[in-house]
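Coordinate-derived values only; no laboratory data. Worth saying up front: this structure is predicted, and the values here are computed from it rather than measured. Counting neighbours? That spans all protein chains shown, and the Cβs are built from the backbone with ideal geometry, glycine included.
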Amino acid sequence: MDMKKIDDALAAGPALSAEQLAEVKQLRADGETLHNAGKHQESVDTLAKAMAILGIDQG
């Protein structure tokens with residue numbers, strides 16, 4: 001699951017600026033909110049942005 005990948009990457013202490021880190025955390029939270037609201041494609045798209053910032057392979 002994308003949220004788990006993001007959480008794991010954040011726990012590892014990624015080399016991001018404070019601004020990038022804040023953006024990733026906000027995208028992660030927004031993605032979970034969308035997922036819980038049943039807006040799954042929007043959730044996937046939002047989480048993909050966070051994963052891209054973290055350099056996580058989305059394949």
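Numbers for the structure displayed
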read-out	value
Residue within the range 46-55 that is exposed (fewer than 10 other Cβ atoms within 10 Å of the Cβ), part of a helix (DSSP H, G or I) and aliphatic (A, V, I, L, M) present	no
Single unsatisfied condition, A29 versus (1) of a type outside the set (D, E, K, R); (2) surrounded by 11 or more Cβ atoms within 10 Å (Cβ to Cβ); (3) touching a helix residue (DSSP H, G or I) at 6+ places or on another chain (Cβ under 9 Å)	(3)
Residues (surrounded by 14 or more Cβ atoms within 10 Å (Cβ to Cβ) and in a loop (DSSP other than H, G, I, E, B)) located in the range 1-26	P14, L16
